[in-house]
Amino acid sequence: MAKFRIGIDLGGTKIEAILLRSESEDRACSEQDNVLKKKRLATPSGHYEETIRAIQTLVFDLKYSCVESQEISIGIGIPGSISPETGLIRNANSTCLNGHNLQADLKHALRQDVKIENDANCFAVSEAIDGAGQDKDIVFAVILGTGVGAGIALSGKPLLGCNKIAGEWGHNPLPSLLLENDFQPQSLPICHCGRLGCIETFLSGPGVILDHHKAGGAEKTVEELVESARKDCAIAKLTLKRHVHRLAASLAGVVNILDPDVIVLGGGLSNMDHLYSDLYDAMRPFVFSDCFKTPIRKAQHGDSSGVRGAAWLWL
């Protein structure tokens, strides 16, 4: 009997769901997993109970595609993590989730057990299994979007750590050398986590636009910024140059500690083509090695990586 897997990617603006049919109980492979259905709903921003109901609606809709007697697993990727101390959600930039027992509430709403994992870990697993990190032992997968996060996959499985925060790279401070040169402490942006100068506040989409406005730029979206740079706007080009420099220094710290076999970039900002031509050389001076050959690749499955990885959490 075929096993069905439902994956949910709970994002800040959308909730995406996918139904997979897997012929193999042992592993997930693109040639063995068939996408039967996909569906999206807008995230009820700031409303916890409505978010539960939206997930319930998506899951029940996908379940109707299956025979009732067939086994269905549900995995959910979220922008935060479950505290091993309390069982409550913490560190989510979708702040309405924080402090709630999401796993228990979803188990009740969906009438079955669910697995919940950080969305970046789901992204890393998906790209490690059959994406840009396929056949690599250590995959560091970065999400550059509304927020900034990362997941680590070891041999296709998520690395969680004893505090369940492995890969929480976006909430380290931007490397101090850059802070000392460019900023006074009182001018550092405040992150949603309450800290000053987090990598996320500089490298996320909103962070880039805020930096651009401080430099006198007028563009309101990253897409507009990239287009202005393409048209040779000096302010836009300098904003993107600063972004690359900061991203390079921040990623080099990961290389110096983890030394991954590949770095995979996802999220909306990963669509900026100049990253793949400029980032490698910008990282080299910060890497503590006489050679630097870590490949930097764009996510193969794009926006679908998180939801696919969530579907495979029960493997």
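The values are calculated or read from the model by the stated rules, or taken from the named source; none is laboratory data. Keep in mind it's a predicted model, so treat the numbers as computed, not measured. Reconstructed Cβ throughout: ideal geometry from the backbone, glycine too, with neighbour counts over all protein chains shown.
Scanning segment 190-205 for residues that are more than 14 Å from HIS243 (Cβ to Cβ) and either without any contact (Cβ under 8 Å) to a residue 60 or more places away in the chain or part of a helix (DSSP H, G or I) (or both) returns ILE190, CYS191, GLY194, ARG195, LEU196, GLY197, CYS198.
Hey, could you check segment 100-113 for residues that are touching a helix residue (DSSP H, G or I) at 6+ places or on another chain (Cβ under 7 Å) and assigned to a loop (DSSP other than H, G, I, E, B) and say which is surrounded by the most Cβ atoms within 10 Å (Cβ to Cβ)? In this case the residue turns out to be HIS100. Regarding ILE15, is this residue modelled with pLDDT of 90 or more, hydrophobic (A, V, I, L, M, F, W, C) and closer than 25 Å to SER155 by Cα? Spelling it out, it is not the case that ILE15 is modelled with pLDDT of 90 or more, hydrophobic (A, V, I, L, M, F, W, C) and closer than 25 Å to SER155 by Cα. With respect to the conditions (1) more than 28 Å from GLU85 (Cα to Cα); (2) in contact with a helix residue (DSSP H, G or I) (Cβ under 6 Å, 6 or more places away or on another chain); (3) not aromatic (Phe, Trp, Tyr), GLN134 falls short on a single one, namely (2). Annotation note: of VAL254, VAL208, VAL226, the sole residue that is part of a helix (DSSP H, G or I) and either of a type in the set (Asp, Glu) or under 26 Å from PHE292 (Cα atoms) (or both) is VAL254.
Here's a check for you: in segment 114-154, which residue that is farther than 24 Å from VAL35 by Cβ and of a type outside the set (A, V, I, L, M) is surrounded by the fewest Cβ atoms within 10 Å (Cβ to Cβ)?
ASP137
For GLY170, the test of being assigned by TED's automatic domain parsing to the domain that holds SER250, modelled with pLDDT of 90 or more and part of a helix (DSSP H, G or I) is passed. Of all the residues in segment 40-66, those that are surrounded by 14 or more Cβ atoms within 10 Å (Cβ to Cβ) and acidic (Asp, Glu) number 1. Taking the criterion of being in a strand (DSSP E or B), over 19 Å from ALA150 (Cβ atoms) and either without any contact (Cβ under 8 Å) to a residue 40 or more places away in the chain or of a type in the set (S, T, N, Q) (or both), the only residue of segment 71-99 that qualifies is SER73. Looking across segment 85-99, just one residue is small (Gly, Ala, Ser), surrounded by fewer than 17 Cβ atoms within 10 Å (Cβ to Cβ) and either at pLDDT below 95 or closer than 19 Å to ALA166 by Cα (or both), and that is GLY87. The set of residues in segment 207-224 that are surrounded by 15 or more Cβ atoms within 10 Å (Cβ to Cβ), closer than 15 Å to GLY267 by Cβ and not β-branched (Val, Ile, Thr) contains only GLY207. Residues in segment 67-84 that are surrounded by 16 or more Cβ atoms within 10 Å (Cβ to Cβ), among the aliphatic types (A, V, I, L, M) and either touching a Lys or Arg at 6+ places or on another chain (Cβ under 8 Å) or more than 27 Å from ALA124 (Cα to Cα) (or both): ILE72, ILE74, ILE76, ILE82. For segment 288-315, the candidate set comprises residues that are of a type in the set (A, V, I, L, M) and surrounded by fewer than 19 Cβ atoms within 10 Å (Cβ to Cβ); within that set, the residue that is modelled with the lowest pLDDT is LEU315. The residue that is modelled with the highest pLDDT, counting only those in segment 114-132 that are farther than 18 Å from GLY11 by Cβ and part of a helix (DSSP H, G or I), is ALA128. Looking only at residues of segment 116-153 that are of a type in the set (Asp, Glu) and more than 8 Å from the chain's Cα centre (by Cα), we find that the one that is farthest from GLN103 (Cα to Cα) is ASP135. Within segment 183-211, the residues that satisfy the criterion of being modelled with pLDDT under 90 and among the polar types (S, T, N, Q) are GLN184, GLN186, SER187.
Determine which member of the set ALA153, ALA218, ALA249 is without any contact (Cβ under 8 Å) to a residue 40 or more places away in the chain and either among the acidic types (Asp, Glu) or not in a loop (DSSP other than H, G, I, E, B) (or both).
ALA153 is the lone residue from the list that is without any contact (Cβ under 8 Å) to a residue 40 or more places away in the chain and either among the acidic types (Asp, Glu) or not in a loop (DSSP other than H, G, I, E, B) (or both).
Note on segment 287-307: residues that are touching a residue at least 60 places away in the same chain (Cβ under 8 Å) and either more than 20 Å from GLY80 (Cα to Cα) or touching a Phe, Trp or Tyr at 6+ places or on another chain (Cβ under 9 Å) (or both) total 7.
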